[in-house]
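The values are calculated or read from the model by the stated rules, or taken from the named source; none is laboratory data. These numbers were taken from a predicted model, which means no experiment stands behind them. Here the Cβ positions follow ideal geometry from the backbone for every residue, glycine too, while neighbour counts run over all protein chains shown.
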Amino acid sequence: MKFKYKAITSNGQKIEGVFNAASEEDVVTMIKGNSYLPVKVERDIGQEAQIEIFKSKVKKKDLALFCRQFFTMLDSGLGIVKCLDILEMQTENKTLKPIIGEVNGDVQKGLSLSEAMNKYPDIFPTILTNMVEAGEVSGNLDAILERMAVHFEKENKLENKIRSSMVYPIALLVVSIAVVIFMITFILPTFTGMFAGSGVEIPWPTRVLLGMSDFIKSYWYILLGILGLMTFTITTFKKSEAGRAFFDGLKLKLPVIKGTTVKIITSRFTRTLSTLMDSGIPLIKSMEVVAKVVNNLPVEEKIEDGIEEIRKGVPLSRAIQNVGVFPPMVDSMIRIGEESGSLDEVLLKTADFYDEEVETSLTKLTTLIEPIMIVGMAIVIGFIVIAMYLPMFDMMKTI
């Protein structure tokens, strides 16, 4: 059970937090064990519910801030428990805040930081828990956390680039659909009476649009229901194993986005592998973590095949080449790193290169999508306008 507590430190500072315990007495014992004076202890039912509802909303920027602040405090000489106390109080993310309290409670019970964090895989990624474990073993946890802060900052920057590149096309698509619906449901019907009283035969494009207009106005709730059902079905399917495999595979096949997807995967792969290996984590374990980070199921499966090859003695460069996804430059750079004994540095330089390539590729992709959508919008609206004026031309001929 989770309990909220308030206490006063030996120097008079008021603190508050969340602690996982079997009873209030255990919380009081914990507080007194830290030489604090307990003020208030109560069951935290609200926080428990929050963890379940919002547990998937811890973003890369939140993890980057968590690691950066943790590093700063450790580097200043504070203990892990004290750092977690402060982090819990000042963390604004409503999902991460109670989890830090849980981790803090587990550490005070005797678990290592990595073991405590490993209990929340939906909050702390595998790469972070593995890196923290490596930092605990090597005694340089502060340096590891700084490295992870940089890693998550770059990941956040990459995600922001991808997100921002899609804002304009999505906005244009929404506006286009709204304009078409407005013209069909409000503008076109104003001409209906004129067409009906003229005695002129209405052309088929106009009849089609009038039929669409009547259907939308009469059964709009059915359309909304179908749209909601489709959205729910697709979202549910995407979360399934088969859905992930389908959509991730599609990203690697579509001509327009294939190149950009490969560059994004390459950037994540090289940067994560460099970070892990530079921290002293063995190659096999590093590759197992990296397979999860690329965020593409078909590529993840191919990397796992590559791991089996490495276990049999195949060099990393050959295993990556056999994966068949990454650009030729990647296995060439890895081969150079293997021969020179500076694989982590070479991987980092490769990641920096592909970061720039991703930015350039996203810009090109957006530039390509914009005119296609504008032309498509012009064709649809042009068809509607022509359909509205065709009967008027026939009426003028009759007159």
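Restricting attention to helices (runs of 4 or more DSSP H) lying wholly within the stretch 47-146, give those where 3 or more residues are under 21 Å from Thr275 (Cβ atoms) and under 20 Å from the mean Cα position of the chain (by Cα).
Working: elements: 60-75, 80-90, 96-108, 113-117, 126-138.
Result: 60-75, 126-138.
When you check Val380 against the structure, is it over 30 Å from His151 (Cβ atoms), in a helix (DSSP H, G or I) and in contact with a helix residue (DSSP H, G or I) (Cβ under 7 Å, 6 or more places away or on another chain), yes or no?
Values: over 30 Å from His151 (Cβ atoms): yes; in a helix (DSSP H, G or I): yes; in contact with a helix residue (DSSP H, G or I) (Cβ under 7 Å, 6 or more places away or on another chain): yes.
Yes.
Do we find a residue being crowded, with 16+ Cβ neighbours inside 10 Å, assigned by TED's automatic domain parsing to the domain that holds Glu359 and either of a type in the set (A, V, I, L, M) or assigned to a helix (DSSP H, G or I) (or both) anywhere in the stretch 189-199? Explain how you work it out, then say what you get.
Step one: list which residues in the stretch 189-199 are crowded, with 16+ Cβ neighbours inside 10 Å, which gives 191, 195.
Narrowing the set further to residues that are assigned by TED's automatic domain parsing to the domain that holds Glu359 leaves 191, 195.
Retained after the next criterion (residues that are either of a type in the set (A, V, I, L, M) or assigned to a helix (DSSP H, G or I) (or both)): 191, 195.
Among the residues of the stretch 189-199, at least one is crowded, with 16+ Cβ neighbours inside 10 Å, assigned by TED's automatic domain parsing to the domain that holds Glu359 and either of a type in the set (A, V, I, L, M) or assigned to a helix (DSSP H, G or I) (or both), which makes the answer yes.
Table: residues versus (1) hydroxyl-bearing (Ser, Thr, Tyr); (2) assigned to a loop (DSSP other than H, G, I, E, B); (3) over 18 Å from Gln321 (Cα atoms); (4) not assigned by TED's automatic domain parsing to the domain that holds Gly341.
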{"residue": "Lys238", "(1), (2), (3), (4)": "no, no, yes, no"}
{"residue": "Thr261", "(1), (2), (3), (4)": "yes, no, no, no"}
{"residue": "Ile265", "(1), (2), (3), (4)": "no, no, no, no"}
{"residue": "Ser274", "(1), (2), (3), (4)": "yes, no, no, no"}
{"residue": "Ile284", "(1), (2), (3), (4)": "no, no, no, no"}
{"residue": "Val290", "(1), (2), (3), (4)": "no, no, no, no"}
{"residue": "Val299", "(1), (2), (3), (4)": "no, no, no, no"}
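Among the numbered conditions (1) over 20 Å from Phe353 (Cα atoms); (2) crowded, with 16+ Cβ neighbours inside 10 Å; (3) at pLDDT 90 or above, tell me where Glu288 comes up short.
Every condition holds for Glu288 apart from (3).
Go over the candidates Val39, Val81 one by one and state the one that is surrounded by fewer than 16 Cβ atoms within 10 Å (Cβ to Cβ), over 22 Å from Ile127 (Cβ atoms) and at pLDDT 90 or above. Can you show your working first?
Details: Val39 fails: at pLDDT 90 or above.
When all the criteria are applied, what remains is Val81.
State the number of residues belonging to the stretch 235-264 that are β-branched (Val, Ile, Thr), loosely packed, with under 12 Cβ neighbours inside 10 Å and over 17 Å from the mean Cα position of the chain (by Cα).
From the stretch 235-264, those β-branched (Val, Ile, Thr) are 235-236, 256-257, 260-262, 264; that's our starting set.
Checking the rest, the ones that are also loosely packed, with under 12 Cβ neighbours inside 10 Å come to 235-236, 256.
Applying the additional criterion that residues be over 17 Å from the mean Cα position of the chain (by Cα) yields 256.
Looking only at that region, the number is 1.
crowded, with 18+ Cβ neighbours inside 10 Å and either touching a residue at least 24 places away in the same chain (Cβ under 8 Å) or basic (Lys, Arg) (or both): is that true of Ile281 in this structure? First the steps, then the outcome.
Values: crowded, with 18+ Cβ neighbours inside 10 Å: yes; either touching a residue at least 24 places away in the same chain (Cβ under 8 Å) or basic (Lys, Arg) (or both): yes.
Yes.
Suppose we keep only residues that are over 28 Å from the mean Cα position of the chain (by Cα) and part of a loop (DSSP other than H, G, I, E, B) within the stretch 305-342. Which one would you say is modelled with the lowest pLDDT?
Checked the stretch 305-342; the qualifying residue modelled with the lowest pLDDT is Gly341.
Would you mention how many residues in the stretch 357-378 are farther than 14 Å from Leu173 by Cβ and of a type in the set (Val, Ile, Thr)?
Of the residues in that region, 4 qualify.
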